[in-house]
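Single-structure report; data block below.
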Amino acid sequence: MEKSKIETYLGFCVRANKIVFGVDRIEKLKKGVFLLLADGGVGKNSFKPTLLAKERLGCPLVTTDAGVLGETLHRPAVKVAAITDDHLAAAILSVVDSEPQFKLYSGGYKETYGKKV
């Protein structure tokens with residue numbers, strides 16, 4: 001099976017140690033985050049801090065269908081991740097439109113869960 005471009009870029013991030021896994025670790029970051037990734041299966045209590053981190057860090061958020069992020073990273077338990085390299089984040093954002101299971105988050109809680117915060 002052929003890897004998608006996003007899977008390849010995320011693999012580069014993992015090998016270069018330019019990715020942070022988990023909401024708790026992302027909340028502790030003060031700067032240097034260029035892209036946030038959230039799985040569609042993330043819980044409500046994890047998605048709210050992710051949105052707050054998006055606003056605080058001023059970076060885009062990409063959401064995926066349920067289970068896709070963990071499968072792409074080969075870490076099934078991962079629901080939220082942050083990319084800390086600007087070039088890899090730009091490369092991922094450039095191909096997000098060509099991957100149907102990845103969507104750039106444009107705002108609103110309704111888009112993910114069907115109801116507002």
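Table: residues versus (1) part of a loop (DSSP other than H, G, I, E, B); (2) over 11 Å from the mean Cα position of the chain (by Cα); (3) at pLDDT below 90.
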{"residue": "Glu2", "(1), (2), (3)": "yes, yes, yes"}
{"residue": "Leu10", "(1), (2), (3)": "no, no, no"}
{"residue": "Val14", "(1), (2), (3)": "no, yes, no"}
{"residue": "Lys31", "(1), (2), (3)": "yes, yes, no"}
{"residue": "Gly40", "(1), (2), (3)": "yes, no, yes"}
{"residue": "Arg56", "(1), (2), (3)": "no, yes, no"}
{"residue": "Thr63", "(1), (2), (3)": "no, no, no"}
{"residue": "Ala81", "(1), (2), (3)": "no, no, no"}
Filter result (within 17 Å of Phe47 (Cβ to Cβ) and of a type in the set (A, V, I, L, M, F, W, C)) within region 1-28
Val20, Phe21, Val23, Ile26
So which residues in region 16-26 are loosely packed, with under 15 Cβ neighbours inside 10 Å and either in a helix (DSSP H, G or I) or hydroxyl-bearing (Ser, Thr, Tyr) (or both), if there are any at all?
Asp24, Arg25
With the checklist (1) surrounded by fewer than 12 Cβ atoms within 10 Å (Cβ to Cβ); (2) of a type in the set (D, E, K, R); (3) modelled with pLDDT of 90 or more in hand, flag the one item Asp85 doesn't pass.
(1)
Screening Val80, Val14 for residues that are more than 24 Å from Gly107 (Cβ to Cβ) and either of a type in the set (Phe, Trp, Tyr) or free of Cβ contacts under 8 Å to residues at least 60 places away in the same chain (or both) leaves only Val14
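The values are calculated or read from the model by the stated rules, or taken from the named source; none is laboratory data. The model shown is predicted, which means the values in this text are computed figures rather than measured ones. Here Cβ is always computed from backbone atoms with ideal geometry, including for glycine, and neighbour counts include all displayed protein chains.
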